[in-house]
Amino acid sequence: DDSSQREIVPNLVRILKNLILAGYSPEHDVSGVSDPFLQVKILRLLRILGKNDAEASEAMNDILAQVATNTETSKNVGNTILYETVLSIMDIKSESGLRVLAVNILGRFLLNNDKNIRYVALNTLLKTVYIDTSAVQRHRSTILECLKDPDVSIRRRALELSFALVNTNNIRTMMKELLQFLEKADPEFKAQCSSNIVLSAERFAPNKRWHLDTLLKVLAGNYVRDDVVSCTIQLISESTSQQGYIVDQLWRALERDTMDRQPLIQVATWCIGEYGDLLLYGPSSSEDNPIRVTEDDVISVYQRLLWSTQNTIITKQYALLSLMKLSTRFQAGIEKIRQIIDTFGSHLHIELQQRGVEFSQLFRKYENLRPPLLERMPPMETARPAGSNNPAAMTNGETPEESDTQGDEGNLLVGDRKFAESETQDSNALLVLLGGGDPSENDITRQTETSKPASSDNQDLLDLLGGLDLGNTSTPVSVVVQNNNNILFNTNQSSNFLVDGLLNSEPVVN
């Protein structure tokens with residue numbers, strides 16, 4: 001019970017004090033330290049007794065300070081006792097000065113020649129950085145030096161601790177060091193380091209330009225996730241004041257040999273496709289070194305990207321769509337763009353071939369639709385958690401007060417009906433595009449009374465598909481039945497291809 005524990009603490013403190021102040025005892029001395037095994041056991045017990053107990057912690061503060069200052073550090077035995085002392089100080093309700101002393105001990109451990117001691121120090125600092133961040137910040141330079149350690153385990157712990165130390169005040173200094181580490185790091189570190197740099201820049205960026213410059217440096221490698229590319233594009237889209245600057249920077253990167261930097265090429269081609277007019281006809285963002293770009297220069301670079309065998313299919317898809325958009329931004333190079341796109345109509349890869357054929361049709365049959373279809377996209381909102389600053393926010397970004405829990409969203413039947421209506425409206429739009437009927441004459445939201453389900457379990461699906469009409473003057477009776485394999489099919493032999501596709505693409509199993 002609590003009372004007995006409080007009685008134990010003074011006794012343990014007295015025993016530990018006697019061990020520290022006692023003279024030489026050959027029976028218990030280990031490398032000049034009196035009974036280190038007993039000291040370690042007592043320190044561990046004090047850590048347990050002082051956890052979440054202010055009174056017990058107060059009673060052991062002084063003895064912990066004495067152990068921390070009087071223990072010899074030249075031997076591993078003394079380092080072991082100091083390590084247990086640091087753990088005890090961090091676990092109990094200790095004074096702030098005592099915590100600073102513990103962090104300083106760990107800082108001295110980082111300078112030790114023994115790699116095991118350095119690893120233990122980094123691991124402990126990583127656990128205590130959120131308890132007393134300011135004390136750990138004093139050893140930031142020493143921690144960054146550990147990024148150059150030949151031991152891979154020490155580098156990994158130093159990297160994790162470095163990102164834990166990043167804040168608004170040191171973001172520029174820390175990112176400079178971490179970007180240098182990223183350039184020279186082993187491949188196993190690059191993905192984790194790139195992702196953490198992106199997250200840190202998102203949280204602590206001092207301004208949009210610095211944020212964009214940092215992301216471009218990260219994108220220069222091939223070790224970023226796909227979502228980093230999309231997040232960078234979203235950030236550029238919403239940063240309207242920086243679009244001219246970022247297009248200039250991306251063009252400079254694209255002019256150089258960047259075939260081994262796929263994420264950077266993807267972002268660059270997207271931005272030049274959207275804001276190519278700013279690159280050619282807008283004011284230069286660099287007064288010291290203005291760039292002079294012509295339409296032929298841009299098209300030649302795109303041709304090199306599209307013909308290169310080093311670029312991935314996804315990168316070529318970005319470049320092809322970007323080149324198509326440039327046909328509405330440029331004034332004199334439209335014919336050359338059309339010729340490049342026409343060559344992809346017979347490409348071996350089906351995705352690129354489809355894009356080539358569709359884009360060629362825009363030039364020939366739908367010239368009047370090409371400018372509005374390829375106009376500049378509106379600014380995109382960056383994909384940040386909508387409720388990150390609101391503890392009461394829902395997962396979909398709406399606060400509980402804004403959500404009508406008693407409305408249609410809470411009614412499953414109404415929700416199914418709305419889903420069915422939206423699906424039938426989408427089908428109607430598809431039929432119009434395919435020339436299969438006029439929505440004014442064939443209202444596919446009308447439920448035909450002749451369509452009866454064979455199974456009540458599939459009522460919702462039948463309600464969704466039962467009223468489809470592709471413009472036939474007479475509506476034959478269509479019965480949907482269920483075969484032995486639990487697959488729904490239409491017994492009407494003249495059923496339209498859209499219904500067949502919907503029913504046969506993915507079996508609906510009860």
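Throughout, read-outs are computed from the coordinates displayed, never taken from laboratory work. The model shown is predicted, which means the values in this text are computed figures rather than measured ones. Quick reminder, even Gly has a Cβ in these numbers, built from the backbone with ideal geometry, and neighbours come from all protein chains shown.
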**Request:** At 0.36 nm per residue, minus the direct Cα-Cα distance, what do Gln331 and Glu183 gain on full extension? Give it in nm, one decimal, please.
**Result:** 49.3 nm
**Asked** At Tyr281 and Asp227, where each label point lies 7 Å from the Cα along Cα→Cβ, what is the point-to-point distance in nanometres?
**Response** 3.9
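Among Met380, Met60, which comes first, then next, by fewest other beta-carbon atoms within 10 Å? Show your work: numbers first, answer last.
On the way: Met380 13, Met60 26.
Fewest-to-most Cβ neighbours within 10 Å comes out as Met380, Met60.
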**Prompt:** In which sequence would Thr315, Thr133 go, from the one with the fewest C-beta neighbours within 10 Å to the one with the most?
**Reply:** Thr133, Thr315
**Message:** Give me a comma-separated list of calculated 3J(HN,Hα) values for segment 169-175, in order, Karplus coefficients 6.51, -1.76, 1.60 applied at θ = phi - 60°, integers in Hz, x for any Gly or Pro.
**Reply:** 6, 10, 4, 5, 5, 5, 5
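Among the trypsin sites (Lys or Arg not before Pro) in segment 205-279, which ones are in a DSSP loop with at most 16 other Cβ atoms within 10 Å of the Cβ? Mind listing them?
Filter output for segment 205-279: Arg225, Arg256.
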**Asked** Are there trypsin sites (Lys or Arg not before Pro) in segment 90-169 that DSSP marks as loop and that have at most 16 other Cβ atoms within 10 Å, and which are they?
**Response** Lys93, Arg138
**Request:** Take the alpha carbon atoms of segment 30-45, find their center, do the same for segment 290-355, and report the distance between the two centers in whole angstrom.
**Result:** 73
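How much length is gained on full extension from Ile291 to Val40, taking 0.36 nm per residue of separation minus their Cα-Cα distance? Each step should come with its number before you reach the end.
Details: separation 251, 0.36 × 251 = 90.36 nm, distance 6.78 nm.
Answer, rounded to one decimal: 83.6 nm.
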